[in-house]
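Undergrad: Here it is, the structure, as structure tokens.
The values are calculated or read from the model by the stated rules, or taken from the named source; none is laboratory data. Because the structure is predicted, anything quoted here is derived from the model rather than measured. Virtual Cβ from ideal backbone geometry, glycine too; neighbours counted across all protein chains shown.
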Amino acid sequence: MTEHPLISDLDKLKTTELGAGRIRRNLGLNVDDVTEWGKQAVLAAGAEDVARKGKNWYVRGDDFILTINASSHTIITAHKAKDNKAAAGMFPTAHPGRATGSDG
């Protein structure tokens with residue numbers, strides 16, 4: 001079985017100082033190393049939770065979507081999944097960590 005291209009290039013993953021601040025703010029993260037957090041998010045995602053559209057990879061977590069530039073391997077931003085409907089629509093299946101349907 002071939003390793004996913006994003007996984008095989010995981011050691012190249014990085015972010016900028018501004019990107020790290022944006023990701024912390026958007027997700028309410030309290031982590032020192034956003035790049036390491038991003039690597040763990042990619043590793044935790046299943047194949048159905050990683051999609052490439054144009055120049056970016058999108059990684060779906062339990063409650064967020066991470067945007068990674070495919071050529072530079074830079075984590076650009078992350079948003080709570082409910083705030084990023086356009087990216088959420090590119091995944092073929094509902095995320096198993098979230099309920100589907102209406103809230104009641």
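Undergrad: Restricting to the range 57-75, name every residue that is more than 8 Å from the chain's Cα centre (by Cα), farther than 17 Å from residue 11 by Cα and in a strand (DSSP E or B).
TA: none
Undergrad: Provide a single number: the residues in the range 15-34 that are under 21 Å from residue 71 (Cβ atoms) and surrounded by 17 or more Cβ atoms within 10 Å (Cβ to Cβ).
TA: Step one: of the range 15-34, the residues under 21 Å from residue 71 (Cβ atoms) are 15-20, 22-23, 34.
Applying the additional criterion that residues be surrounded by 17 or more Cβ atoms within 10 Å (Cβ to Cβ) yields 15, 19-20, 22-23, 34.
Selection size over the range 15-34: 6.
Undergrad: Can you pull out every residue in the range 1-21 that is closer than 17 Å to residue 57 by Cβ and either in contact (Cβ under 8 Å) with a residue 12 or more places away in the chain or hydrophobic (A, V, I, L, M, F, W, C) (or both)?
TA: Filtering the range 1-21 down to residues closer than 17 Å to residue 57 by Cβ leaves 2-16, 19.
Hits for the range 1-21 are 4, 6, 7, 9, 10, 12, 13, 14, 15, 16, 19.
Undergrad: In the range 18-45, how many are part of a helix (DSSP H, G or I) and either hydroxyl-bearing (Ser, Thr, Tyr) or over 11 Å from the mean Cα position of the chain (by Cα) (or both)? Even if it seems obvious, please write down each step before you answer.
TA: Taking the range 18-45 first, the residues part of a helix (DSSP H, G or I) are 18-27, 34-44.
Next cut, either hydroxyl-bearing (Ser, Thr, Tyr) or over 11 Å from the mean Cα position of the chain (by Cα) (or both) only: 18-22, 24-27, 34-36.
Within the range 18-45, residues that are part of a helix (DSSP H, G or I) and either hydroxyl-bearing (Ser, Thr, Tyr) or over 11 Å from the mean Cα position of the chain (by Cα) (or both) number 12.
Undergrad: Got a number for residues in the range 55-72 being under 19 Å from residue 21 (Cα atoms), in contact with a Lys or Arg (Cβ under 7 Å, 6 or more places away or on another chain) and surrounded by fewer than 17 Cβ atoms within 10 Å (Cβ to Cβ)?
TA: Within the range 55-72, residues that are under 19 Å from residue 21 (Cα atoms), in contact with a Lys or Arg (Cβ under 7 Å, 6 or more places away or on another chain) and surrounded by fewer than 17 Cβ atoms within 10 Å (Cβ to Cβ) number 2.
Undergrad: Residue 87 - would you say it is modelled with pLDDT under 95 and not in a loop (DSSP other than H, G, I, E, B)? Working first, answer last.
TA: Values: modelled with pLDDT under 95: yes; not in a loop (DSSP other than H, G, I, E, B): yes.
When the stated conditions are applied, residue 87 passes them.
Undergrad: Report the residue count in the range 14-55 for those that are touching a Gly at 6+ places or on another chain (Cβ under 8 Å) and either among the small types (Gly, Ala, Ser) or at pLDDT below 95 (or both).
TA: So the count comes out to 4.
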